[in-house]
Amino acid sequence: METNRQKKIGGVIQKDLVDILQGEIRKNGISNLIISVSKVSVTTDLSVATVHLSVFPQDKAVETLAAIKSNSYLIKHDLSQRVRLQLRKVPNLIFFIDDSLDYIEKIDHALSNRENPIENRDLLEKRKKI
């Protein structure tokens, strides 16, 4: 369970990372790309922050994540300049793609389709009796 301090630091990092990433997109003139920071989790010792990113369109997610990971040192430096009055030490940033929206969409599609496992029980795998 996250403490209040971890939640506050995660919120500060999340807010500033959104500004940094969107600013870089605007500065480089990249169009048709949206990056949002869906969640930031900070470890108990405040040394590592896992950052979950949502990228739209989804087909650019892998290359966007690779670009962000290759520039993570510069992103951390820019973040440290923004939060220098709030944090003594900026945690190391580990970036991941957040695919929870795709997962929800697949479930929604399965339930709205004729292959709905709730209405047609034959689609579900049967338990094997031992």
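Some notes on this structure:
- Taking segment 36-52 as the range and being assigned to a strand (DSSP E or B) and over 8 Å from the mean Cα position of the chain (by Cα) as the test, the residues that pass are Ser41, Val42, Val48, Ala49, Thr50.
- Of all residues in segment 45-77 being closer than 13 Å to Asn92 by Cα and touching a residue at least 24 places away in the same chain (Cβ under 8 Å), the one that is surrounded by the fewest Cβ atoms within 10 Å (Cβ to Cβ): Ser47
- Of residues in segment 78-94 being in contact with a Ser or Thr (Cβ under 9 Å, 6 or more places away or on another chain) and among the β-branched types (Val, Ile, Thr), the one most open to solvent (accessible area, probe 1.4 Å): Ile94
- Subset of segment 101-110 (residues that are open to solvent by less than 90 Å² (accessible area, probe 1.4 Å) and either among the charged types (D, E, K, R) or within 22 Å of Ile9 (Cβ to Cβ) (or both)): Asp102
- Taking segment 78-130 as the range and being more than 30 Å from Ala66 (Cβ to Cβ), at pLDDT 75 or above and part of a loop (DSSP other than H, G, I, E, B) as the test, the residues that pass are Leu85, Arg88.
- The residue that is farthest from Val83 (Cα to Cα), counting only those in segment 15-39 that are open to solvent by 40 Å² or more (accessible area, probe 1.4 Å) and among the aliphatic types (A, V, I, L, M), is Ile30.
- Candidates Val42, Val12, filtered to the one that is open to solvent by 40 Å² or more (accessible area, probe 1.4 Å) and of a type in the set (A, V, I, L, M, F, W, C): Val12
The values are calculated or read from the model by the stated rules, or taken from the named source; none is laboratory data. All figures in this text were calculated on a predicted structure; none of them were measured in a lab. Glycine gets a Cβ as well: all are built from the backbone with ideal geometry, and neighbour counts include every protein chain shown. What goes into the accessible areas is simple: the full protein's heavy atoms, side chains included, and nothing from ligands, DNA or RNA. Shrake-Rupley method; radii C 1.70, N 1.55, O 1.52, S 1.80 Å.
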